[in-house]
Every structure is written in C-alpha cells, then in structure tokens.
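Let me begin by presenting the structure, written as structure tokens, before commenting on it.
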Ligand code: FES
C-alpha cells in the first residue's frame, strides 16, 4: 500500500496510484506511473538545477536517451515523457544528478 501523500506531494506529483520501476544510469528506482520523468527525478530527491529547465518543452535542456521496454533508445524530453514500467534513462540531462 502506498503511503498517504501530503498536499504538497499531491500538488507536485498528483495522486499516486501505482509505482513502476525505471532504470537511471544503471540504477533501479520506483516512481509514480505516468509522472513526467523530470518530475520523477524531483520525486526521487535528485539534485536538480531548477533554473536550467523550462518544464514545458521549450528549452530542450531536459533531453535524454530513453528506452521504453522492448524498444531502442530514443532522444526524449524528460519534462514531457512519462514514466512507464521498465523505462531506462541512459544518462541524466545536464543539471540533474543522483544524490
Ligand atoms: S525542461 Fe525545457 S524542454 Fe524540457
């Protein structure tokens, strides 16, 4: 069962119904299903240079090579693409670091 979310968590991440496993730079993490990847990085507590990112598909600073389960890597915008089970992010965008 998922823990009760605070109002701030609901505002940032929406109501979390299900967690899925994604792989970031070779490490597995659990994140809310269908949450934008950049927001997932925030959910995970990664260090984010917030000023580097527009969060709305304009700057492309969040681009990363992402592979959906059973597919090959494609360049995607982490502020637009959402988490799905088994996704892999080859390398985090510049300005995001695993703590
Ligand atoms: S954060 Fe600017 S395009 Fe994704």
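The values are calculated or read from the model by the stated rules, or taken from the named source; none is laboratory data. Predicted model, so just to flag it, every value in this text is computed and none were measured. Quick reminder, even Gly has a Cβ in these numbers, built from the backbone with ideal geometry, and neighbours come from all protein chains shown.
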Of the residues in the stretch 67-81, how many are within 12 Å of the ligand (Cβ to nearest atom) and either in a loop (DSSP other than H, G, I, E, B) or closer than 15 Å to residue 35 by Cβ (or both)?
6
Out of the residues in the stretch 82-99 that are touching a helix residue (DSSP H, G or I) at 6+ places or on another chain (Cβ under 8 Å) and assigned to a strand (DSSP E or B), state the one that is surrounded by the most Cβ atoms within 10 Å (Cβ to Cβ).
89
Determine which member of the set 17, 8 is loosely packed, with under 13 Cβ neighbours inside 10 Å and in a helix (DSSP H, G or I).
8
Does residue 64 fit the bill of being modelled with pLDDT of 95 or more, within 16 Å of the ligand (Cβ to nearest atom) and part of a strand (DSSP E or B)?
yes
Scan (1) surrounded by fewer than 17 Cβ atoms within 10 Å (Cβ to Cβ); (2) without any contact (Cβ under 8 Å) to a residue 40 or more places away in the chain; (3) more than 13 Å from the ligand (Cβ to nearest atom); (4) closer than 21 Å to residue 8 by Cα for the single condition residue 43 breaks and write down its number.
(1)
